[in-house]
Number of protein chains: 4
Amino acid sequence: MTVRIAVAGASGYAGGEVLRLLLGHPEVEIGALTAGGNAGSPLISQQPHLLPLADRVLQETTVDVLRGHDVVFLALPHGHSAEVAARLGEDVLVVDCGADHRLTDADAWQRWYGGVHAGSWPYGLPELPGQRDLLRGTRRVAVPGCYPTVSSLALAPAMGLVEPEVTVVAVSGTSGAGKAPKTNLLGSEVMGSLSAYGVGGAHRHTPEIAQNLTLVAGEPVKVSFTPVLAPLPRGILATCSATLTADADQVRAAYEKAYADEPFVHLLPEGHWPTTGAVLGSNAVQLQVTVDADLNRLVVVAAVDNLTKGTAGAAVQCMNLALGLPETTGLTSVGVAP
Amino acid sequence: MTVRIAVAGASGYAGGEVLRLLLGHPEVEIGALTAGGNAGSPLISQQPHLLPLADRVLQETTVDVLRGHDVVFLALPHGHSAEVAARLGEDVLVVDCGADHRLTDADAWQRWYGGVHAGSWPYGLPELPGQRDLLRGTRRVAVPGCYPTVSSLALAPAMGLVEPEVTVVAVSGTSGAGKAPKTNLLGSEVMGSLSAYGVGGAHRHTPEIAQNLTLVAGEPVKVSFTPVLAPLPRGILATCSATLTADADQVRAAYEKAYADEPFVHLLPEGHWPTTGAVLGSNAVQLQVTVDADLNRLVVVAAVDNLTKGTAGAAVQCMNLALGLPETTGLTSVGVAP
Amino acid sequence: MTVRIAVAGASGYAGGEVLRLLLGHPEVEIGALTAGGNAGSPLISQQPHLLPLADRVLQETTVDVLRGHDVVFLALPHGHSAEVAARLGEDVLVVDCGADHRLTDADAWQRWYGGVHAGSWPYGLPELPGQRDLLRGTRRVAVPGCYPTVSSLALAPAMGLVEPEVTVVAVSGTSGAGKAPKTNLLGSEVMGSLSAYGVGGAHRHTPEIAQNLTLVAGEPVKVSFTPVLAPLPRGILATCSATLTADADQVRAAYEKAYADEPFVHLLPEGHWPTTGAVLGSNAVQLQVTVDADLNRLVVVAAVDNLTKGTAGAAVQCMNLALGLPETTGLTSVGVAP
Amino acid sequence: MTVRIAVAGASGYAGGEVLRLLLGHPEVEIGALTAGGNAGSPLISQQPHLLPLADRVLQETTVDVLRGHDVVFLALPHGHSAEVAARLGEDVLVVDCGADHRLTDADAWQRWYGGVHAGSWPYGLPELPGQRDLLRGTRRVAVPGCYPTVSSLALAPAMGLVEPEVTVVAVSGTSGAGKAPKTNLLGSEVMGSLSAYGVGGAHRHTPEIAQNLTLVAGEPVKVSFTPVLAPLPRGILATCSATLTADADQVRAAYEKAYADEPFVHLLPEGHWPTTGAVLGSNAVQLQVTVDADLNRLVVVAAVDNLTKGTAGAAVQCMNLALGLPETTGLTSVGVAP
């Protein structure tokens, strides 16, 4: 089986990571690569690490160029996917790395992103209860945001065991902020410095985390989410906590049960704590849980590569599910460390 | 006025930072510099940035060597200060950068550090209500831990306005972990990676934060504290939150009032968020506060240089207070950025 | 004595560093701060580390605004200084951090920068033979480029002892590339990566290094210069080499003699090698020399902070000389390490 | 075909990288993993990124443990490989990542490493003229040092076109210095700083580079080599130069010819310069060449991942050659960027 794929937004970080993974995927053939402002330039100017594609030139992102592929990955700015997807055939697998089809609630979309809600697609987090079945055979996938991926996986097994109000402080590398040049993302600014942003519930990933946890909990879950920018290109380390309502003994068992058969989500042996370095470039999530006895508070720490499992790895994992391939094809749990 | 100072533990990061600051202090003369394993080696081998002291040789840390100075800074491993201090005269100003004299509760000392409790000294955080007066003219100072400094300053003004249970996730550079070589602190391990440690109430700074906030609140305050290690040498960014019990309006006013006259603690204008890069090498703390309306939760972000205001700057600030010098002598609020 | 200064280009890295140093300078009063695109915004938005200037607003860079100050620092893009300077009075001290007045040769200016040559001013590297006297009392200073500063100081004492063809590979932090947002300078791009640029004699600092060494040598010196970009905000480490024509013994003596009385240039004791971390934020240059006996080749390694001694520190040092103040006022040789 | 492999020194960086690559190699089965001081501890404590080996425990490095495998990778400290190898059967493929069998000249070994010379083995740089044939079917491989790999590949095609005296300044990440904890390799020390070491021909890789280039040139080639340590975990960027004796036109042609058919060595299109980020985790070498016309000097810049193509990738590549597998099996030219 060889599927022919196209990537729209191939000059950015998400698109580049999709291509990096697909170059190691045995069942795909890489077709059209498109871009916005960089259309017309050689891919190697934008993605010098993709040497096997050194002779490729970026085309304009148009429906005509994207048509004729079995799978189209959309790595476009938020708000740009819906229109393109609508004009691609229903038999084409469209994997949207953007936010357009993640939120199920039109009001939430309006509040956090603005504009017309495009509706929601099967949500590309197979490890969330019930999601995997929705992804098998689908022709539309909404790839989760990077923070929601790690936060939801860190907290989902605890739903029902904690009060429905959780705190997440997630420290992230800079690639999650994208490749468009901005002063505050310059190396000179980020190296040697830490900063918080989107504090107080102002980050767009907040409603997506709440949506996921609410779905799992079966009751509304409130989320206090603070992202922190740290000086590394890749990786998110999320520290999540909530007041425990069950016995401490039940917690670890719940996590073990939830992820025992998952190929990519790993509850570490007790005494080992996740590091983002250990999952760099991999599709793995590393987790550890503990209970702060003084406060009877559950604390979960989770590590993920925001570009791989946090974006492009999830996209490929979902493509595999949608196409009926083994879910792990072309993906690894082995990080590039140190 | 010229005071003659000695530094015990001059080869480590805290001792080196004390010396860096004292080299710019107009009222001091640098006397004996001592070390443990590095005694006998030239200071420049250990502290190549302290060029004006290039001809100095590190001596053994003994009471005889330290005697005869007006001020002795102790930058020794935890548990080593008490004995040295006991044998220095009561007229000598002893500024202890270690933990030995921070905790007022003997049981807490036993639980977190072990061994005999040496008692507590005036606590070197002048900006905490009531502390500055205790520091004026004192001959003994317990310099706070770096995490307690930033966490306590971030939350103290909120005491009485929030429920007495706070969550602190503090991201730190590596120098807080000291200069003793350990595999997990190698550059290869920390660059490009994030990790949590001391999770679930296991970090020794937890009781110190609780002690400070309890003192301010007048009721027991529980602290969920998680430190995260990030790839930068200096800086702590703390994200602190608690459930609000007062009006959101009262919060900002409380912070403005608390720090209006403080030379080193700066509540930023609204819309500006602290970065550790902006306080690098300075004695400044930058703060910002907001309320997450969906959860009615106060969120405070604070930035500090763990070696300066977090350790050695506080030590010098307290020395100034103890000696009756202007509190800001030899210190700056201007960071070295970018 | 209080001199009133203005800074044109106060929102960039050079301008910010000039202000950082001047805030610690006892003889200056900070007047107008101007910018280009950032005019009208509060300084703290651009320079959050300059807290004492938090209430300042950036003005347009016009001659009217700059007039009426004793000293004007120009930290403008190359090619913009000449016109401004020409309209400021001859009694005003103008310190140009840009390239406009560095090159003495009009053809070289044409080749490397293009446009009309504005002529040359006293060159702000007092440690170069003969320069200090030209700077005393001057009202015009051309601050050297960062690479020429470290390369010229590293090689000047060897002139006459080596063949007049030198190789310089200088590894630099990112702040030397400025604050204008560019994709290749994003944190995501520079962290975890090394790159060369301006290879093969294509960097504009090449003729400036050659000019300096030729002046010292009294014969044309050719320079092979390669800059390498590394993941740190500040610092240049230059490795310079040339074929020795004298005895190896003479080399160290020449360096000792050249810099024995210099307050900021330090030949390290044998066995110690420079690091940029040791000079961070300081005006110091650290040097070490050796001879590779197998090739009879002199190798000199030098470390500098590109923003301090490499730009703004030199600017302040030259201001001191020009105004008759002690040369080291407001400057330090002590780096902020680690 | 499934070959059973053992790794001696599995807790270090080279051993860890060998295992990372072998986990993606379709023809191998991972057998014994041994260590020195870490024997008895679970592999995951030392290599948390190798999740699929999470249940493995490190054994003592003894010949008995290593026997019975088809391939043994030795990632031991210098001087420890020879004895182990001598006691493994001649039919076992021994791939030595250490230095013991690299130098052909016993005197050079004595001078640079000391002790008895163990003799030399086929040199694991297939891209060097004549080497690939020596590696096919061999049962002993001496994997090159990381600096010699990049320097030799950068300069080999120029031999005969330049004077036999070359200058190499190679900037490296920290993993090349190994995992043994040392103060100067702490994150706090290396982040934000650059340093040179082994200057003036003092680094042990100097004779290895000279040996390679001399072999290619057919005449003695002298090497001035300076390594610089920079704040990143992986990657070497080498800037190499020499005085040209041929026409500039001939140079590029020589490089194109030398590497046209090489799967891992890539001469970039003109105008593109290598970055280490683009080869991170890959077996690729990126090269660019130019001529500095003012000095008639060839300048070559080359990027490599010191742990992959610089060590473990070369080891696997040579294993493939020795076993008659396709040379690129289990290896990639695609880096993990950004």
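The values are calculated or read from the model by the stated rules, or taken from the named source; none is laboratory data. Please read all numbers here as calculations on a predicted model, not as lab measurements. With ideal geometry, Cβ positions are generated from the backbone for all residues, glycine too; neighbour counts draw on all protein chains shown. All accessible areas refer to the heavy atoms of the entire protein, side chains included, with ligands and DNA or RNA removed. Shrake-Rupley method; radii C 1.70, N 1.55, O 1.52, S 1.80 Å.
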Quick one: is C:Arg56 in contact with a strand residue (DSSP E or B) (Cβ under 9 Å, 6 or more places away or on another chain), within 14 Å of chain B (Cβ to nearest Cβ) and closer than 28 Å to C:Met1 by Cβ?
yes
Do you know which of the residues in region C:245-280 that are among the aliphatic types (A, V, I, L, M), touching an Asp or Glu at 6+ places or on another chain (Cβ under 8 Å) and open to solvent by less than 10 Å² (accessible area, probe 1.4 Å) is farthest from C:Glu127 (Cα to Cα)?
C:Val279
Test A:Thr214 against the stated conditions and say whether it is farther than 25 Å from C:Ser175 by Cβ, buried (at least 24 other Cβ atoms within 10 Å of the Cβ) and not basic (Lys, Arg).
no
Taking the conditions exactly as written (within 12 Å of another protein chain (Cβ to nearest Cβ), in contact with a helix residue (DSSP H, G or I) (Cβ under 7 Å, 6 or more places away or on another chain), closer than 23 Å to D:Arg136 by Cα and modelled with pLDDT of 95 or more), does D:Val289 satisfy them or not?
no
When (1) away from chain B (no Cβ under 14 Å); (2) surrounded by fewer than 22 Cβ atoms within 10 Å (Cβ to Cβ) are applied to D:Thr149, the one that fails is (2)
So B:Leu128, is it in contact with a Ser or Thr (Cβ under 7 Å, 6 or more places away or on another chain), more than 15 Å from B:Ala314 (Cβ to Cβ) and surrounded by fewer than 22 Cβ atoms within 10 Å (Cβ to Cβ)
no
Tell me which residues, restricted to region D:51-65, are open to solvent by less than 60 Å² (accessible area, probe 1.4 Å) and farther than 17 Å from A:Val265 by Cβ.
D:Leu53, D:Leu58, D:Thr61, D:Thr62, D:Val63, D:Val65
Taking region B:185-205 and keeping residues open to solvent by 20 Å² or more (accessible area, probe 1.4 Å) and at the interface with chain A (Cβ under 9 Å from one of its Cβ atoms) leaves B:Glu189, B:Gly192, B:Ser195, B:Tyr197, B:Ala202
The conditions are (1) free of Cβ contacts under 8 Å to residues at least 24 places away in the same chain; (2) open to solvent by 70 Å² or more (accessible area, probe 1.4 Å); (3) closer than 18 Å to A:Gly124 by Cβ; (4) not polar (S, T, N, Q), and A:Trp109 fails exactly one of them. Which is it?
(2)
In region D:11-33, what residues are in contact (Cβ under 8 Å) with a residue 40 or more places away in the chain and more than 11 Å from chain A (Cβ to nearest Cβ)?
D:Ser11, D:Ala14, D:Gly15, D:Val18, D:His25, D:Glu27, D:Val28
Residue count, region A:230-250, condition in contact (Cβ under 8 Å) with a residue 60 or more places away in the chain, within 11 Å of chain B (Cβ to nearest Cβ) and in contact with a strand residue (DSSP E or B) (Cβ under 6 Å, 6 or more places away or on another chain), comes to 8
Counted residues, region C:9-37 - those being at pLDDT below 95 and touching a helix residue (DSSP H, G or I) at 6+ places or on another chain (Cβ under 7 Å)
0
Out of region D:1-27, which residues are buried (at least 24 other Cβ atoms within 10 Å of the Cβ) and among the β-branched types (Val, Ile, Thr)?
D:Ile5, D:Val7, D:Val18
Per the filter on region A:155-184, residues within 11 Å of chain C (Cβ to nearest Cβ) and of a type in the set (A, V, I, L, M, F, W, C) are A:Ala177, A:Ala180
Among strands (runs of 3 or more DSSP E) entirely inside region A:233-326, those with 2 or more residues being within 20 Å of B:Ser172 (Cα to Cα) and polar (S, T, N, Q) are A:236-243
Out of B:Leu134, B:Leu103, I need the residue that is part of a loop (DSSP other than H, G, I, E, B) and aliphatic (A, V, I, L, M). Which one?
B:Leu103
Answer from C:Val169, C:Val223 - the residue that is out of contact with any helix residue (DSSP H, G or I) (no Cβ under 8 Å at 6 or more places or on another chain), closer than 28 Å to C:Ala278 by Cα and not in a loop (DSSP other than H, G, I, E, B)
C:Val169
Scan (1) open to solvent by 10 Å² or more (accessible area, probe 1.4 Å); (2) in a helix (DSSP H, G or I); (3) touching a Gly at 6+ places or on another chain (Cβ under 7 Å) for the single condition C:Glu208 breaks and write down its number.
(1)
Which of the residues spanning region A:25-68 are outside any helix (DSSP H, G or I) and small (Gly, Ala, Ser)?
A:Gly31, A:Ala32, A:Ala35, A:Gly36, A:Gly37, A:Ala39, A:Gly40, A:Ser41, A:Ala54, A:Gly68
Search result, residues across region C:218-229 that are within 7 Å of chain D (Cβ to nearest Cβ) and surrounded by fewer than 24 Cβ atoms within 10 Å (Cβ to Cβ)
C:Lys222
Would you be able to say whether some residue in region A:68-83 is out of contact with any Lys or Arg (no Cβ under 9 Å at 6 or more places or on another chain), at pLDDT 95 or above and surrounded by fewer than 22 Cβ atoms within 10 Å (Cβ to Cβ)?
no
The residue from B:Val301, B:Val291, B:Val316 that alone is touching a residue at least 24 places away in the same chain (Cβ under 8 Å) and open to solvent by 10 Å² or more (accessible area, probe 1.4 Å) is B:Val291
